[in-house]
Amino acid sequence: MKIHEYQARDILSQAGVPVPPGVTIDNYEEAARVFKEVATDCRPEDGGGKLAVVKAQVHAGGRGKAGFVKLVRSPEEATEAARFMLSNKMVSYQTGAEGLEVTKLLMVGGVDIAKEYYLAITTDRKTRRHVLIASSEGGVEIEKVAEENPGAIVREPLHPLLGLQGFQARKVAFELGFKGKQVGQAAKIMMALARTFLDKDCTIAEINPLIVTPASDDHPDGQVLAIDAKFNFDDNATFRHKDIQGMFDPAEENPSELRASRMGLSYIALDGNIGCLVNGAGLAMATMDTIALEGGTPANFLDVGGSASEEAVTEAFRIILEDDAVKGVLVNIFGGIMDCAVIAQGIVNAASEIGFEVPLVVRLEGTNVEAGRKILEEGSAKLTTLQAATDLGDAAKKVAAAVA
């Protein structure tokens, strides 16, 4: 589960991480008033005047390059930036060509930046441990840093029981180049981020950038602040966090994926033209790979699991067939817990309610397979595009050929 930046900032603030205040708006007419509330004074060497930042709230990166993070120096500029973002879809390397609609904006006061850093807690699958990842090259995608300058990334594993320890946080702070009072500030933020990651069942907790402000009379060593944040959470653990559940924004999710989730189905839309209905995540991945091996491209990942009802299977076909890109459907069932007869009846139900106008290739094996095949045979009048397959390889060849 993902949340918006403004929500992530609130979580950081509650954890004791210093975050500049901000205000969210959903109407460009509010922008001028909010600018006057949040805008900060610029230093004379930066031209003076007021400064604020308008940031689109979407579940995708690349906002700055797409023009959906803008520095504004007047109420009029704030209004124009807000009007642009709320009336155009954001297209970035993470959204695809279709882009994302923007319905909410975050406006924050400008902050003087002397240096940017990257900070995150995530899970290292190789070591099976949570790890602190930090870099002195913040403000850009960490993947780009890893590719171009891997030596700039610091990794510090968390203790499985004790989490991130104070000495580890200070060690990383020194490695990143923090000095004087900055070390204590940075270490405190790392500790708070690590606690939040564990307490909230996150899959990633990221601050990018973590910044140091220029030295001032009040802060001779500058201040360490978090000015952007990203949190993802383990879907399987959100039942423990009602506050996190309340942050879910369905408008940012694929409607078909939400429909599937309500029926207990695991569905992910892809870019291909062959719809897939499979039982079991591993078998689904193998099915997609085999389709690709035969020159086809999967239109989705869809795992009906082992206990799906006829209604759920029928809904799965509705979701697949409502995708205009789908030119063929492959059903691959290896029934263990899953009853092949349930799948077969779902196919017939879908044929009655929706109709299969595209090629349909079905491979059934396992529990109650003979009953399933009989159901398909009896419903053959409604299944004029049906082809039976002997195994996965045969099924992939037939469906790839049918849509070629």
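Annotations for the structure displayed:
- Condition check for Thr79 on (1) surrounded by 18 or more Cβ atoms within 10 Å (Cβ to Cβ); (2) under 30 Å from Met190 (Cβ atoms); (3) modelled with pLDDT of 95 or more: one failure, at (2).
- Within segment 385-404, considering residues that are outside any helix (DSSP H, G or I) and touching a strand residue (DSSP E or B) at 6+ places or on another chain (Cβ under 9 Å), the one surrounded by the fewest Cβ atoms within 10 Å (Cβ to Cβ): Thr390
- Members of segment 55-70 that are among the β-branched types (Val, Ile, Thr) and in contact with a Lys or Arg (Cβ under 6 Å, 6 or more places away or on another chain): Val69
- Of the helices (runs of 4 or more DSSP H) entirely within segment 27-134, those holding at least 3 residues that are under 20 Å from the mean Cα position of the chain (by Cα) occupy 63-66.
- Test: residue in segment 62-76 that is aromatic (Phe, Trp, Tyr) and within 24 Å of Ile268 (Cβ to Cβ): no
- Among the criteria (1) aromatic (Phe, Trp, Tyr); (2) farther than 23 Å from Pro20 by Cα; (3) under 27 Å from the mean Cα position of the chain (by Cα), the one Phe167 does not fulfil is (3).
- The listed residue being assigned by TED's automatic domain parsing to the domain that holds Val172, out of contact with any strand residue (DSSP E or B) (no Cβ under 6 Å at 6 or more places or on another chain) and not charged (D, E, K, R), out of Thr79, Thr127, Thr122: Thr127
- Per-region count, segment 370-384, residues part of a helix (DSSP H, G or I), closer than 13 Å to Gly346 by Cα and not aliphatic (A, V, I, L, M): 3
- The single residue among Gly166, Gly138 that is buried (at least 17 other Cβ atoms within 10 Å of the Cβ) and not aliphatic (A, V, I, L, M) turns out to be Gly138.
- Flag if Ala344 is in contact with a helix residue (DSSP H, G or I) (Cβ under 6 Å, 6 or more places away or on another chain), crowded, with 22+ Cβ neighbours inside 10 Å, of a type in the set (A, V, I, L, M) and part of a helix (DSSP H, G or I): yes
- Of the strands (runs of 3 or more DSSP E) contained entirely in segment 190-304, those carrying at least 2 residues that are surrounded by fewer than 19 Cβ atoms within 10 Å (Cβ to Cβ) and free of Cβ contacts under 8 Å to residues at least 40 places away in the same chain fall at 266-269.
- Of all residues in segment 319-341 being of a type in the set (Val, Ile, Thr) and either touching a Leu at 6+ places or on another chain (Cβ under 7 Å) or without any contact (Cβ under 8 Å) to a residue 12 or more places away in the chain (or both), the one that is surrounded by the most Cβ atoms within 10 Å (Cβ to Cβ): Val331
- Cβ separations smaller than 7 Å between residues 6+ apart or across chains give the following pairs from segment 25-37 residues that are over 17 Å from Phe68 (Cα atoms) to residues that are part of a helix (DSSP H, G or I): Ala32/Pro75; Ala32/Ala78; Ala32/Thr79; Lys36/Pro75.
- Segment 1-44 - residue that is more than 19 Å from His241 (Cβ to Cβ) and of a type in the set (Val, Ile, Thr) and, of those, surrounded by the most Cβ atoms within 10 Å (Cβ to Cβ): Val34
The values are calculated or read from the model by the stated rules, or taken from the named source; none is laboratory data. Note that the structure is a prediction, hence the values are computed from the model and not measured. FYI the Cβ positions are ideal-geometry reconstructions off the backbone, even for glycines, and counts take in every protein chain you see.
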